[in-house]
């Protein structure tokens, strides 16, 4: 089998999948995960990695996992870290109608 050691990395947008009811995050939410944990688990975002990529602290991540409202800036940063559109994150929120995309 050929080695992929020096193969170029695929850009995240190449792997982009719009959010809908068949998205893995939607299935995780339907089976009981919080929206925040579902996104973090799907994209392998541990809290230290999330802090590096977005600036969201571990304490704030814990608040979001427990249902605290997300700020527009955090929403954009999380979407960027996951390689999705902010509208995808908004669609997965329990109170999605309260958020508007800037």
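Only the coordinates and a few stated rules stand behind these numbers; no lab work does. No experiment lies behind these values; they were computed from the predicted model shown. Here Cβ is always computed from backbone atoms with ideal geometry, including for glycine, and neighbour counts include all displayed protein chains.
Odds and ends about this structure:
- Note on segment 38-91: residues that are in a loop (DSSP other than H, G, I, E, B), over 9 Å from the mean Cα position of the chain (by Cα) and farther than 18 Å from residue 20 by Cα amount to 11.
- Pairs meeting the criteria (first residue in segment 35-49 and closer than 10 Å to residue 64 by Cβ, second residue part of a loop (DSSP other than H, G, I, E, B), beta carbons under 7 Å, at least 6 apart or on different chains) are 35/93; 35/94.
- The one condition in (1) surrounded by fewer than 17 Cβ atoms within 10 Å (Cβ to Cβ); (2) under 17 Å from residue 34 (Cβ atoms); (3) touching a helix residue (DSSP H, G or I) at 6+ places or on another chain (Cβ under 8 Å) that residue 63 fails to fulfil: (3)
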